[in-house]
Every structure is written in C-alpha cells, then in structure tokens.
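Since the structure comes first, as structure tokens, the remarks are kept for the end.
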Amino acid sequence: MAAFIAALSSCQEKENGGPNTLEVTPAEISFAAQGNEDVLLTVTTDAAEWDFSADGWIDAEKEGDNTLRVNVTANMKTEPREGKILFTAGTAKTFRVNVSQSAKEESFLELSEETLEADPEGDSFEVTVTCVDADGWRITGSCDWCQVAPAEGKSGDRITFNVQPNTTGETLEQEYKVISGTASKVITVISYAVPYMELQSPASGTESFDYNGGDFDVILRTNLDPSQIEYSIAGNDGGWVSVRNASESTYSVHVSANNT
C-alpha cells in the first residue's frame with residue numbers, strides 16, 4: 001500500500017509539474033527496396049509505459065523496456081514509400097519517427113558474353129552476370145553436350161559452360177535463358193563439327209565427253225560453308241571448262257565442244 005501511494009504521489013507531482021517527456025532516436029530511418037536489416041529505435045521517457053502505432057508495411061516489435069525493432073516489407077513497386085511510426089507515453093506529446101523506403105529498381109541484366117562458339121574438340125567458357133535484383137539470377141535450358149553451372153547466383157557471379165567434343169558431323173546449337181527479375185537475356189552456345197568434304201557425284205571422280213562436250217554436276221557432301229570452298233581447274237588453257245556454283249553443295253560444270 002505504501003509503494004502504491006508513493007507512485008500515485010509521484011504521478012500527481014508529474015501532472016502538476018507538466019506533461020511527461022518522450023524522445024525517440026533516431027527520428028528518421030530509411031530502407032532499401034528489399035533485403036534490409038533490422039533498425040533499433042531507442043525510446044526515452046519518464047512515463048511508466050509507452051506504446052506505438054505504425055503503417056501496415058512497417059514491421060515493428062518492442063524489445064526490452066526502451067527499444068523498438070523495425071524493418072519493412074519488400075517494396076515491389078517502382079515508386080518510393082513514405083510512412084511513420086507514432087509513439088505515445090503518458091501525457092507526453094506524440095512523437096513521430098519518419099520512415100522512408102526506396103523504390104524497386106527497374107530490372108537490369110547484363111552478360112559478358114551472349115554467343116559462345118566452341119571448337120570441334122570441345123571448349124570451356126565463363127560468362128559474368130551483372131544484375132540489380134536482390135534475388136539475383138537463374139538460368140534455364142539444357143542439352144546433353146553442354147554442362148552449365150551454377151543454375152543460379154548473384155550479381156558478379158560467373159556461369160561456366162563446358163562443351164563436349166562434337167563428333168556428330170553437324171554444327172550443334174543450344175540456347176540458355178538467364179532471368180533476373182523481369183529482365184531476361186539469351187546465351188547461344190554453338191558447337192562446330194570437324195570440317196569434312198566428300199565427293200558424292202560423279203562417284204568415280206571423272207567424267208568423259210565426246211568432241212561435242214556437255215554438262216554435268218559435281219555434288220559434294222560437306223559441312224563447310226560455300227564461302228570456305230575453293231576450286232581450281234587444271235589444264236584449262238583456252239577456258240574450255242567452266243564452273244558455276246549452282247547451290248551450297250552443287251557445282252555445274254560445262255565442257256565446250258572440241259573444235260581443234
């Protein structure tokens with residue numbers, strides 16, 4: 001009873017001497033769009049108790065007698081947020097702490113390489129990923145001749161592509177998509193085959209005509225681009241043999257009449 005009377009007397013003395021005091025530090029706090037650490041606010045008051053209220057996107061919880069732990073939900077909008085936490089204590093004037101949060105950045109994604117060209121013997125590449133999204137990036141796509149790792153990471157990490165030797169005789173191509181937030185980019189991996197060229201026609205490698213001359217086609221089986229193929233005609237004094245490229249792998253040959 002004596003303790004209660006003393007406390008009541010003290011309260012009455014405070015009321016007679018003016019309102020309670022209340023101060024919160026820091027009075028302004030700011031957060032990034034996402035991935036924030038907690039901020040601790042220190043409450044100083046001579047009132048017996050204090051309380052608070054906060055905007056819905058602000059997470060706050062009392063910790064001990066004079067501390068408020070504060071964080072915010074992720075801001076998934078491209079506009080910043082402004083909010084407040086209001087503190088009350090006894091007869092003290094309400095104290096306001098301003099809370100601001102940055103807008104979500106527009107998704108950004110950059111790759112150090114977007115086209116990887118592997119030799120027939122196999123090859124290895126590293127692609128550096130630069131992004132701003134706090135969740136980092138991930139990569140999709142797969143094939144049996146190219147191994148990719150890791151499947152996800154953060155900005156600055158590298159993706160390794162190990163391309164196996166190409167023994168198929170054909171050029172292989174595979175696309176992989178790197179995704180970060182709303183941004184995405186494609187990495188194209190090309191595996192070149194060992195170059196080859198075979199004569200399909202005439203099968204014997206020779207062609208004969210009477211004095212009237214004639215025409216025939218040379219047909220090749222090859223994985224070379226036509227721009228990589230060169231030919232020459234031996235013993236063509238007077239230009240009695242002419243050749244033209246009829247298609248990617250076919251050459252039309254004209255033999256003029258022999259009037260000598």
Qualifying lysines (Cα of each under 27 Å from Cα of residue 104; at least 8 residues distant if same chain)
77, 84, 154, 177, 185
With Rg and Dmax of the Cα atoms in Å defined as stated, name the option among [x] 19.1, 57; [y] 21.8, 78; [z] 39.4, 142 computed from the structure displayed.
[z]
Evaluate the charge dipole of the chain about its Cα centre and quote only its size in Debye, nearest 20, assuming +1 on the Cβ of each Lys and Arg and -1 on the Cβ of each Asp and Glu.
960
Within the set 179, 219, 85, GNM on the chain using Cα springs under 10 Å gives the largest fluctuation to 219
If you average the sequence gap of Cα pairs under 8 Å that are 6 or more apart and divide by the length of region 197-255, what percent do you get for the contact order?
39
What are the GluC sites (Glu not before Pro) within region 42-76 that DSSP puts in a loop, where the Cβ has at most 16 other Cβ atoms within 10 Å?
49, 63
Dividing the mean separation of Cα pairs under 8 Å (6+ apart) by the residue count of the chain yields a relative contact order in percent of 13
Among 55, 237, 157, which one shows the biggest mean-square fluctuation in a GNM of the chain, springs joining Cα atoms closer than 10 Å?
237
Here, chymotrypsin sites (Phe, Trp or Tyr not before Pro) of region 170-220 satisfying both criteria (DSSP loop; at most 14 other Cβ within 10 Å) are 196, 209, 211
Ignoring everything except DSSP H segments at least 4 long, calculate the 222 nm mean residue ellipticity for the chain; use -39,500 (n - 2.57) per segment, divide by total residues, nearest 500.
-2000 deg cm²/dmol
Packing-based exposure ordering (other Cβ within 10 Å, fewest first) of 191, 252
252, 191
Sparse-neighbourhood loop sites, trypsin sites (Lys or Arg not before Pro) in region 141-184 - DSSP loop, at most 16 other Cβ within 10 angstrom
154
Please work out the C-alpha center-to-center distance from region 123-159 to region 33-66 and express it in whole Å.
40
Could you list 131, 146 so that the one with the fewest beta carbons within 10 Å of its beta carbon is first and the one with the most is last?
146, 131
Rounded to the nearest 10 degrees, what's the angle between the helix 2-17 long axis and the longest principal axis of the chain, both from Cα atoms, 0 to 90?
80
Quote the relative contact order of region 28-178 in percent (integer), defining contacts as alpha-carbon pairs under 8 Å separated by 6+ residues.
19
Per-residue Cβ neighbour rank within 10 angstrom, fewest leading, 50, 57, 145:
57, 145, 50
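None of the figures in this text is laboratory data; all of them are computed from the coordinates on show. Note that the structure is predicted; figures quoted are calculated from it, not measured. Cβ atoms come from the backbone with ideal geometry, glycine included; neighbour counts cover every protein chain shown.
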